[in-house]
Amino acid sequence: MKRLLFLVLLILFNCKDANQNTNNLKIEKPYQSPKIKYGKQFFDYNNLDHYYIDISNSTILSLYNSQDKSKIDKIKYEVIAGETPNDITDQEFLKFIEKIGYSKSEVDSSKFKALNKIFIEKPEEDMEARACAPVYRDILIFKKDKKVNGIMKICFDCHQYRIFGTSANTKNFGSNTDYFQLKDLLK
């Protein structure tokens, strides 16, 4: 009987001591990954036009060689493989965009919410780029009340882009599978 009483008292005192000690201990929360901090949206828009051209690399090479022949060939080469446009005010190419072979489709506004998750400032992540000359087969024209306020040229093959019309930091565009998500939304 003494053994049983001793055992009960030992358990009670140990439990009491354990409770007293846990009151002074800091309990650590399980590890939680930090929340990704997103910044400004790239564009404020209510209309988005997607232009696409199906063109082979060999055709682009022949365009390069025939730039001197016509104004349209020069514009076509500069838009597809060159530096046109140079900034948001350089919209002259839009007058010729369908003449040079791009087809236009309007992006459904139901996709804007998903697109806004792509076109937003984000922290740096691993990004994939390829060492090739970009061929800008896809061009996005962002409009707010019918006025162009954003232009984006995209090469999905080499993951390069040119963006105009935003004050947001766009340098981390392309991280977190942006290109794959964007391609799915546009095609």
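Per-structure values
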item	result
Pairs where the first residue, in segment 52-67, is closer than 15 Å to D157 by Cα and open to solvent by 60 Å² or more (accessible area, probe 1.4 Å) and the second is among the hydroxyl-bearing types (S, T, Y) and modelled with pLDDT of 85 or more, C-beta under 6 Å, 6+ apart	Y52/S103
Of all residues in segment 68-111 being surrounded by 12 or more Cβ atoms within 10 Å (Cβ to Cβ) and among the basic types (K, R), the one that is farthest from Y136 (Cα to Cα)	K111
Out of K71, K113, sole residue that is over 29 Å from N172 (Cα atoms) and charged (D, E, K, R)	K71
Filter pass, I118 being within 16 Å of K40 (Cβ to Cβ), open to solvent by less than 40 Å² (accessible area, probe 1.4 Å) and of a type in the set (V, I, T)	yes
Test: residue in segment 34-54 that is farther than 27 Å from T166 by Cβ and at pLDDT below 85	no
Residues of segment 116-143 satisfying the condition of being closer than 17 Å to K183 by Cβ, touching a Leu at 6+ places or on another chain (Cβ under 8 Å) and either in a loop (DSSP other than H, G, I, E, B) or at pLDDT 95 or above (or both)	D138, L140
Qualifying residue in segment 153-173 (condition: touching a helix residue (DSSP H, G or I) at 6+ places or on another chain (Cβ under 9 Å), at pLDDT below 90 and buried (at least 20 other Cβ atoms within 10 Å of the Cβ))	yes
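The values are calculated or read from the model by the stated rules, or taken from the named source; none is laboratory data. Computed from a predicted model, the values in this text were never measured in an experiment. Neighbour counts are summed over all protein chains in view; Cβ atoms, including those assigned to glycine, are modelled from backbone coordinates with ideal geometry. For accessibility, only protein heavy atoms count, side chains too; no ligands or nucleic acids. Shrake-Rupley method; radii C 1.70, N 1.55, O 1.52, S 1.80 Å.
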